[in-house]
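**Q** My questions all concern the structure below.
Just so you know, all these numbers are worked out from the coordinates, no wet-lab data involved. Since this is a predicted model, take the numbers as computed values, not measurements. A quick note on method: Cβ atoms are made from the backbone with ideal geometry, for glycine too, and the neighbour counts reach across all protein chains shown.
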Amino acid sequence: MAQHEKVIILGSGPAGYTAAVYAARATLRPLLLEGMQPGGQLTITTEVENFPGFRDGIMGPALMEEMKAQAERFGTRVVAAEATRVDLSQRPFRVTTADAEYTCHALIVATGASAKWMGIPSEKVYQGRGVSACATCDGFFFKNVEVGVVGGGDTAIEEATFLTKFATKVHLIHRRSELRASKIMQEKALANPKLTFEWNSVVEEVLGDGKAMTGVRLKSTKDGTTRELALQGLFMGIGHEPNTALFKGQLAMNEVGYLTVKAPTTATSVAGVFACGDVADPIYRQAISAAGTGCMAAIDAERFLAGH
């Protein structure tokens, strides 16, 4: 027999936990499934200085632990499991994990997005110690040093341009000999004196002393030769991928896979299903904006349940 819930929340980042706080305070007794990365993307960052209320900053994992404890304080039940299948064809909706089955009248999707990485072992070693997937989050920590950005599209140009506010020089590392970014972004980048281009190059290895990264080894995509470049930071500019595979064919999404919502609400294409955080946000992708939409989703779910 499936366990029935009023509302289930999928995901445990700032959006999921904020939705849980609001849903729990509305006496909905939400069940939250933590998902594949408990705590979300903030658990792989170090210090968070731009979340309101923490004057001196807070470590990403610590912030998520505080959010979890707050959600649990009001009665949220947190389960360390990931949804492997959902059936949204009728209400109550059905959510399946590896070892349990649930039904619910309202579902809040806060499964987030995953940064695309290069896929080399050394980038994992220095994640949070020089290697980052978010210039807006971490750029401030790279004042007056040289950093690199991997990519050649609009995302990479945006990240690189933002980083020029802090770094002395930003090296854009691109596997081709020309940018894929839109014309206006290309012109902006090529005119920026703080930007330099490492054409026809891929990062073969992130170099470091075990504590922090010190540079990268670049490999030529033309002749395979390698060279080293001293850098104190390396940012991924190859995009994000929304965690929406579960919902393909069930919920409306854009061409990249981000869930579409009926603004200004968090309602998706299926009545009773609400989306918040990075899973429905290809633009801002910040902890505070995710938390804001988490609040909205819980209020939307509460009103939906009251009317049904």
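**Q** What is the spin-label model distance, in nm, from residue 114 to residue 188 if the labels are put 7 Å beyond Cα along the C-beta direction?
**A** Rounded to a tenth, the inter-label distance reads 2.9 nm.
**Q** Which entries in 116/194; 222/248; 116/165; 165/248 show an alpha-carbon gap greater than 30 Å?
**A** Long pairs (Cα-Cα over 30 Å): 222/248; 165/248.
**Q** Count the DSSP beta bridges whose two residues both fall in the chain, then state the antiparallel fraction as a percent rounded to the nearest 5.
**A** Of the beta bridges lying entirely in the chain, close to 45 percent run antiparallel.
**Q** Let me ask something else about it. Please report the base-10 log of the normalised intensity I(q)/I(0) for region 6-135, using a Debye sum with one equal scatterer per alpha carbon and no solvent, at each q in 0.09, 0.23 (1/Å).
**A** Debye output, listed in q order: -0.30, -1.31.
**Q** Taking a 23 Å limit on the Cα-Cα distance, which of the listed pairs 124/183; 124/219; 169/219; 68/143 fall beyond it?
**A** Beyond 23 Å: 124/183; 68/143.
**Q** On a full-extension model of 0.36 nm per residue, what is the gain between residue 265 and residue 227, subtracting their alpha-carbon distance, rounded to one decimal in nm?
**A** Fully extending the segment from residue 265 to residue 227 adds 8.6 nm.
**Q** Rg over Rh of region 175-308, using C-alpha atoms and the Kirkwood radius, what does it come to?
**A** Looking at region 175-308, the ratio lands at 1.13.
**Q** Ok, one more. In nm, to one decimal, how far is the modelled label at residue 256 from the one at residue 25, with both set 7 Å along Cα→Cβ?
**A** Roughly 3.2 nm, to one decimal.
**Q** Still on this structure, I have one more. Working out 0.36 nm times the residue gap between residue 245 and residue 84, then minus their Cα-Cα distance, what length gain in nm do you get to one decimal?
**A** The span from residue 245 to residue 84 would gain 57.0 nm if fully extended.
**Q** For an R0 of 45 angstrom, estimate the FRET efficiency from the Cβ-Cβ distance between residue 303 and residue 211 and round to the nearest 0.05.
**A** Efficiency computed from Cβ-Cβ geometry: 0.35.
**Q** Which value at 222 nm does the chain reach when only helices count, each DSSP H run of 4 or more adding -39,500 (n - 2.57), with the total divided by all residues and rounded to the nearest 500 deg cm²/dmol?
**A** Taking each H run of at least 4 residues, the total per residue is -7000 deg cm²/dmol.
**Q** What fraction of the Cα pairs in region 109-228, stated in percent, has a spacing above 22 angstrom?
**A** More than 22 Å apart: 33 percent of the Cα pairs in region 109-228.
**Q** Please give, to one decimal in nm, the separation of the simple spin-label points placed at residue 73 and residue 101, each 7 Å out from Cα toward the Cβ.
**A** Going from the residue 73 label point to the residue 101 one covers 3.8 nm.
**Q** Show me, for region 31-37, the HN-Hα J-couplings you get by feeding each phi into the Karplus relation (A = 6.51, B = -1.76, C = 1.60, θ = phi - 60°), rounded to Hz, glycine and proline as x.
**A** Once θ is set to phi - 60°, the couplings for region 31-37 become 9, 10, 9, 4, x, 6, 10 Hz.
**Q** Can I ask one more? Taking the alpha-carbon centroid of each part, what is the distance from region 194-231 to region 90-117 in angstrom?
**A** 40
**Q** Would you kindly compute the Cα radius of gyration of the chain and its largest Cα-Cα separation (Dmax), both in Å?
**A** 20.9, 65
**Q** Restricting to region 117-236, what percent of DSSP beta bridges are antiparallel, rounded to 5?
**A** Expressed as a percentage, antiparallel bridges in region 117-236 total about 45.
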